[in-house]
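Okay, structure first, notes after.
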Amino acid sequence: MSGIYWGLTALNHLGHPHALPREGLLQFVLACLHDNGGFGAAPGHDPHMLYTVSAVQIMATLDAWDELEKHMTGGREKIGRCESWTDRCRTSSDGCQSLQASKIQ
C-alpha cells in the first residue's frame with residue numbers, strides 16, 4: 001500500500017498523474033479495507049495504521065471519496081474512527097508501540 005502511495009505521488013510530481021489506471025488502483029485499495037475502517041498492506045493482510053494512512057492519501061490523491069462510500073456506507077467516518085487502533089492507542093501509556101510489539105511476538 002505504501003509503495004503505491006509513493007509511486008503515485010512521484011508520478012504526480014513528475015507530471016504524469018494518470019500513468020497508473022485509476023480503477024485498478026481503487027480496486028486494490030478497496031480490497032485492503034476492513035470492516036473496522038482500517039487498511040491492510042495488501043488484500044488479506046491485517047489492518048495497520050501505516051497502511052491506513054497510505055490508503056487515505058491515495059484516496060485523497062484520486063479524489064475517490066464517492067467510490068469509498070459506494071463500497072462501504074459510512075466509510076469515511078469508519079476510517080476516521082478506526083476503532084481497533086485509536087481506542088487501544090488512547091488507553092495505552094506508550095501509544096501503539098506496545099500493541100505493535102505484542103503483534104510481533
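FYI, it's all coordinate maths here, none of it is from the lab. These numbers come from a predicted model, not from an experiment. Using ideal geometry, Cβ is built from the backbone for each residue, glycine included, and neighbour counts are taken over all protein chains shown.
Modelled this way, with points 7 Å down the Cα-to-C-beta line, the labels at T73 and D46 are 3.0 nm from one another.
Distance between the pseudo-spin-label points of T61 and H34 (7 Å out from Cα toward the beta carbon): 2.3 nm.
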